[in-house]
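First the structure, in the form of structure tokens, and then the observations on it.
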Amino acid sequence: MKKPSPLISADSHVIEPEDLWAKGLPQSMRANAPRYPSHPYQVHNGGAVGATRVKEMAVDGVSAEVLYPSLMLDQFSIKEAALQEACFRVYNEWLAEYCSHAPDRLFGIATLSLYDVEQAVKEARRCKDGGMRGVMIWQVPPEELSFGSKHYEKFFAAVSEMELPISMHANTGMPFVLGGAASWGSDAVRRITTLVNVKLMYAQNALTQFIFSGALERFPGMKTVLVENEVSWMPYFISQADKFYKRANFDNPGMTRLPSEYFERQIFSTFFNDPPTRWLFGNWGTDNCMWSNDFPHKNSTWPNSRQVLARDLKHLSEADRTKLVHDNVARLYELPVISALETA
């Protein structure tokens, strides 16, 4: 019997030290450093310590992970450009050291501040030279810097040339202030509105701006990744974009393809616990979607990821399952050959 492909999580997380920025920023900025309480959800040592990460991955049967931040997600709402740039550099340097403990299994995504595009391009190049596999930007930019503006042209050109995929993680950007989780309150309606409705609205807005601004047409080699927004809503959204694009007969010289064609060519998305996908995969998204376990957060599928995958993907052919749990992410980030870890 053929041995199954190793699992690669396209969206896992590190847990940064609470005092990373208070200690790591230049002395002149430390008074304004983001500060965080101790981690109430940090029960896995490998989230913070790269040297023990692989042992915890083995418990879940996962052989490699693409890594995103935890604490600093809300730092995309920082309005002072110089402070945000400095915070992101501190994190990028810490993440590079973290990944160095298993560079053939831990693949970092650098964070970039985009107030100053020239600076962002330099940091992207530095991080790529240091081994990072992609770059992460805000999912919700300031209104005056929407993805439909010309502000990003040099950045898009540079990351396309560097072959660095652009990730946009859920809950990043202007609406998500520092310490924003507390503002959700205890009211159930407010929490669900934020966690479901608002979250998807911002993901859809970003997707719309990337497609209808013509950015994907101008930079056909640029790849974008929606992270932790799940995927079962996407077929409806993309089909509606196609329908109204054709019905309205948009006078848009920046587009020569249907929205769905740009999606198929250049847009990727992660999923980790999205049961309706069992009705989609095999018919839609099999070449664009990438499984993840969201480790080490509370809602992660760790240590039961293989059981969840069996539940949701068991009806697929082996070839389609392999695309979703291995091939798509390996192709997108040009990962080395990943050998399977022995399950702990």
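Observations
- As a fraction of the 1.4 Å probe accessible area of the chain, surface on carbon and sulfur atoms comes out at 55 percent.
- For the stretch 223-344, the solvent-accessible area of protein heavy atoms averages 48 Å² per residue (probe radius 1.4 Å; ligands and nucleic acids excluded).
- With one equal scatterer per alpha carbon and no solvent term, the Debye-computed log10 I(q)/I(0) for the chain at 0.10, 0.11, 0.12 1/Å reads -0.58, -0.71, -0.86.
- Cα centre as origin, Lys/Arg/Asp/Glu Cβ charges: the chain dipole, Debye: 460
- Shown is the FRET efficiency for ARG35 and ASN304, computed with R0 = 41 Å from the Cβ-Cβ distance and rounded to the nearest 0.05: 0.75.
- By the rule of a C-alpha distance below 14 Å, with chain neighbours fewer than 8 residues away ignored, the aspartates and glutamates paired with LYS122 are GLU85, GLU161.
- Accessible surface of GLU261 - all protein chains present, 1.4 Å probe, nearest 10 Å²: 70
- Of the residues MET162, MET201, MET136, the one that moves most in a GNM of the chain with alpha-carbon contacts below 10 Å is MET201.
- Per-residue ellipticity at 222 nm, computed for the chain from helices alone with -39500 (n - 2.57) per DSSP H run of at least four residues, works out to -10500 deg cm²/dmol.
- For the pair GLN209 and ASN273 in one chain, pulling the backbone fully straight at 0.36 nm per residue adds 20.4 nm over the alpha carbon distance.
- Cα gyration tensor shape of the stretch 83-127, rounded if a/c is under 1.5, else prolate or oblate by comparing a/b with b/c: prolate
- Candidates GLU228, GLU123, GLU97: whichever shows maximal mean-square fluctuation once the chain is modelled as a Gaussian network with Cα springs under 10 Å: GLU97
- GNM on the chain, alpha-carbon springs under 10 angstrom: the most fluctuating residue among ALA188, ALA170, ALA330 is ALA188.
- Too-long pairs where the Cα-Cα distance tops 19 Å, listed order kept, from LYS55/LYS323; LYS223/LYS323; LYS128/LYS154; LYS154/LYS223; LYS128/LYS298: LYS55/LYS323; LYS128/LYS298
The values are calculated or read from the model by the stated rules, or taken from the named source; none is laboratory data. Keep in mind the model is a prediction, meaning the values are calculated, not measured. Cβ: placed from backbone, ideal geometry, glycine included. Neighbour counts: every protein chain shown. Quick note on the areas: whole protein, heavy atoms, side chains included, nothing else; ligands and nucleic acids left out. Shrake-Rupley method; radii C 1.70, N 1.55, O 1.52, S 1.80 Å.
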